[in-house]
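J.: Below is one structure. I have some questions about it.
The values are calculated or read from the model by the stated rules, or taken from the named source; none is laboratory data. Bear in mind the structure is a predicted one, so any value in this text is a computation, not a measurement. Here the Cβ positions follow ideal geometry from the backbone for every residue, glycine too, while neighbour counts run over all protein chains shown.
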Amino acid sequence: MFRNTNRRCYNGYHVPLETMRYASWPPTYVECDCGNLAKHIVHYRRLPCGTPHFAQTWIWECPICGQKYRLPKGSFEFESIK
Ligand SMILES: [Zn+2]
């Protein structure tokens, strides 16, 4: 089932998520107010056992204007962070 969000969402290939199921949720990119794409910040680290671990921050940052957005847990409404 597809849920609407208050921003356009794209996967890592810049494909709008409207055409896809939620297999690629959370989106890699969301549309910024300035018209560019804010990218999801994911922290990468290696666990002591050597396994790569990706920690999702649920924060998206626009590389052009620096605006950040966050997605509260369980919500599909993006919030701007000042
Ligand atoms: Zn921006």
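Okay, residues lined up against (1) free of Cβ contacts under 8 Å to residues at least 60 places away in the same chain; (2) surrounded by 13 or more Cβ atoms within 10 Å (Cβ to Cβ):
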position: ARG7; (1), (2): no, yes
position: LEU17; (1), (2): yes, yes
position: GLU31; (1), (2): yes, yes
position: ILE41; (1), (2): yes, yes
position: ALA55; (1), (2): yes, no
position: TRP58; (1), (2): yes, yes
position: ILE64; (1), (2): yes, no
position: ARG70; (1), (2): yes, yes
position: GLU79; (1), (2): yes, no
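J.: Same structure, new question: Take the residues of region 18-46 that are hydroxyl-bearing (Ser, Thr, Tyr) and modelled with pLDDT under 85: which is nearest to the ligand (Cβ to nearest atom)? So that I can check it myself, show each step before the final result.
T.: Here is the first cut: in region 18-46, the ones hydroxyl-bearing (Ser, Thr, Tyr) are 19, 22, 24, 28-29, 44.
Right, trim to modelled with pLDDT under 85 and you get 19, 22, 24.
Details: THR19: 24, TYR22: 25, SER24: 22 Å.
Of everything passing the filter in region 18-46, SER24 is nearest to the ligand (Cβ to nearest atom).
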